[in-house]
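These notes concern the structure reproduced below.
Here, each number is a calculation from the coordinates, and none is a lab measurement. What you see is a predicted model; the values in this text were computed from it and never measured. We place every Cβ from the backbone using ideal geometry, glycine too, and count neighbours over all the protein chains shown.
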Amino acid sequence: MSQFNVRVVGTIAKNSRTINFQYYFTEMVAQGETEVAAMKITTKAGIPQSWPSGARYTRGGHMPGTKTFTELSAQRNFNDTVNAKPGQGSGSADQLFAVYQPSISITPPPNATLTGDLKGNIFMLAPRWDAATYLANSTGGGNPARKGAATFSYLTALTLSAKRGAEERAEAQHINQAFLVPQDTKPYMSAKKVPGQAAADPLHRTVSSRRIDDNRKAAVKQCKRYWGPNYTSGGKECDEYPFASTYEGAAEHDYDPEAQKFNFSAKPIPGDDNQAGGSLLKSFYAKNRIIDGLDDGFIVKIVT
């Protein structure tokens, strides 16, 4: 009996355009009579697709190429680096999306016959590069060739806590109410189902100051409508969900007539909780390099 496992971990240094893919060969076991010592294992990694197409990458690191089982057992860790220079992407954020595909193939030892698949793509990773002016390293520290950074394209979750003692508790409770009992939120709308609860219906960031202001005005209008002009008494602020900094905010219907009107929730909550939630959202955008537009979505998770 013989076996081996391969794992690939992608990491990115802060504000870097270089992604380091670390390959780990583990659980390399050979028991009983076996020819596996001479079996050759070929490790490759390609970038089969890019959006926009035609992007060029700088590759580095030290990949194993073709080695025998015995050779890989002695040196199990390898790395591959990928860098994409700015100016190759699309849109104002200079976005470049790609597919990174590791693959493994094996060659039977001279005196052995193997059955089954002898090669395959083990999984896929989805790197992304951008040079958005509203995200970190937008100037490259004075070096245009280094501006922007890399990240991975995946749907991530903003986690807010509704537990006692959490600074953002009142905001988290408000969002949880909008998720679980939307019919009890204001403004009333019988078919209300706010987005951001699942991957199939995520939120999308907007950096348009006009749209953000319009979203806030639409939410404040409802706070005044249901709680009166003095809803701010006691230091309260009008909290809205979806967030004002998303395309799905309170004014969405004004920009997209096909969007359902009043598919949001507005509620006065303590100002400290509202501001704490806003700070967490701002930090979430920065750390995850959330891009303006519909190409980059996120969801919200409430811890209760």
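Please work out the FRET efficiency for the pair residue 119 and residue 230, using the Cβ-Cβ distance as r and a Förster radius of 45 Å; give the result to the nearest 0.05. FRET efficiency, residue 119 to residue 230: 0.05.
Under the criterion of Cα pairs below 8 Å and six or more residues apart, the relative contact order for the chain equals 16 percent. Here's how it looks for residue 208: its modeled amide H is under 5 Å from none belonging to a residue 5 or more places away or on a different chain. A simple count of charges around residue 220, restricted to other residues whose Cβ falls under 13 Å of its Cβ and scoring Lys, Arg +1 and Asp, Glu -1, yields +3. For the chain, the longest principal axis of the alpha carbon atoms and the long axis of helix 271-287 meet at an angle near 30°. On full extension, the segment bounded by residue 112 and residue 31 gains 27.6 nm, given 0.36 nm per residue less the C-alpha separation.
Of all lysines in the structure, those lying under 28 Å Cα to Cα from residue 186, and not within fewer than 8 positions of it along the same chain, are 163, 217, 221, 224, 236, 261, 267, 282, 301. Compared with the dominant principal axis of the Cα atoms in the chain, helix 209-227 is inclined by about 50°.
Remark on residue 98: its backbone amide H falls under 5 Å from those of 51, a criterion applied only to residues 5 or more positions apart or on other chains, H modelled at 1.01 Å from N.
Over all distinct Cα-Cα pairs of the stretch 206-299, the Kirkwood formula returns a hydrodynamic radius of 13.9 Å. The HN-Hα couplings worked out from phi for the stretch 126-143 by the Karplus form 6.51 cos²θ - 1.76 cosθ + 1.60 (θ = phi - 60°) are 10, x, 9, 10, 8, 9, 5, 5, 9, 10, 4, 6, 5, 10, x, x, x, 10 Hz, whole numbers, x standing for Gly and Pro.
Within a Cβ distance under 13 Å of residue 82, other residues only, what is the Lys/Arg minus Asp/Glu net charge?
Details: positive: 17, 56, 59, 85, 128; negative: 80.
Cβ neighbours under 13 Å give a net charge of +4.
Counting only other residues whose beta carbon sits under 10 Å from that of residue 66, what net charge do I get with K and R as +1, D and E as -1? Let's see the in-between values first.
Working: positive: 40, 44, 67; negative: 71.
Once positives and negatives cancel, what remains is +2.
As a ratio to 2.2 N^0.38 Å, the alpha-carbon radius of gyration computed for the stretch 4-109 takes the value 1.31.
Taking 26 Å as the straight-line reach from the Cα of residue 85, the lysines in range (excluding those fewer than 8 positions away in the same chain) are 14, 44, 147, 287. Entry note, the chain: the mean residue ellipticity at 222 nm calculated from DSSP H runs of n ≥ 4, each adding -39500 (n - 2.57), is -6000 deg cm²/dmol after division by the residues and rounding to the nearest 500.
Need one number: the % of Cα-Cα pairs in the chain sitting beyond the 30 Å mark. All intermediate terms of the calculation are to be shown ahead of the outcome.
Numbers: 22648 of 46056 pairs.
The share of Cα pairs beyond 30 Å in the chain comes to 49 percent.
Relative to the Cα centre, the charge distribution of the chain, modelled as +1 at Lys and Arg Cβ and -1 at Asp and Glu Cβ, gives a dipole magnitude of about 520 debye. Dipole of the stretch 156-303 computed with +1 at Lys/Arg Cβ and -1 at Asp/Glu Cβ about the Cα centre; of 303, 207, 228, farthest Cα towards the positive end is 228. Sorting 285-293, 54-62 by their mean Cβ neighbour count within 10 Å, with the most densely packed peptide first, gives 285-293, 54-62.
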